[in-house]
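Below is one structure, written out as structure tokens, with a few remarks after it.
The values are calculated or read from the model by the stated rules, or taken from the named source; none is laboratory data. All of these numbers come straight from a predicted model, not from anything done at the bench. Virtual Cβ from ideal backbone geometry, glycine too; neighbours counted across all protein chains shown.
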Amino acid sequence: MITEIDKIAWIHIAEGRILGVRSIGKDIYYLPGGKREPGESDIDTLVREIKEELSVRIKPETAVHAGSFRAGAHGKSEGVRVTMSCYTAEYEGELSPASEIDELAWLTYKDRERVSEVCQMIFDHLHELKKLAD
């Protein structure tokens, strides 16, 4: 039986580096974002999760869908898959780790092995588009 995890993620790239986050007690980086709550739209989830994790406000009117990616869920049993719908968006405020986030990192394509499987797919996609630096 396959279980699907529905997640929303923020792609924030500056100077060829992508913003990654690492949760407390974890050794792998993810894109900031998280799971949808009942009744939430993608944008509602994006705004809530990024505020919770990074202490900034996403400007919902600037959000643009950047693709959806599916892979095995990191740290879960076989048959558990994650679908990550990714958005770019402008924000206001100062990026600061909050909630379960222990660390922010600016990652390049060289950091591909330090991220989850679905994030590796996203890194590959962004690298092909020449948006993510080597």
All-but-one check, Val21 against (1) of a type outside the set (Ser, Thr, Tyr); (2) without any contact (Cβ under 8 Å) to a residue 40 or more places away in the chain; (3) part of a strand (DSSP E or B), failing number (2)
The residue that is farthest from Met84 (Cα to Cα), considering only those in segment 109-134 that are over 14 Å from the mean Cα position of the chain (by Cα) and in contact (Cβ under 8 Å) with a residue 60 or more places away in the chain, is Ala133
For segment 38-67, pairs from a residue that is within 16 Å of Lys7 (Cβ to Cβ) and at pLDDT 95 or above to a residue that is surrounded by fewer than 14 Cβ atoms within 10 Å (Cβ to Cβ) and of a type in the set (A, V, I, L, M, F, W, C), with Cβ under 8 Å and 6 or more apart or across chains, are Glu52/Ala98; Glu53/Ala98; Leu54/Ala98
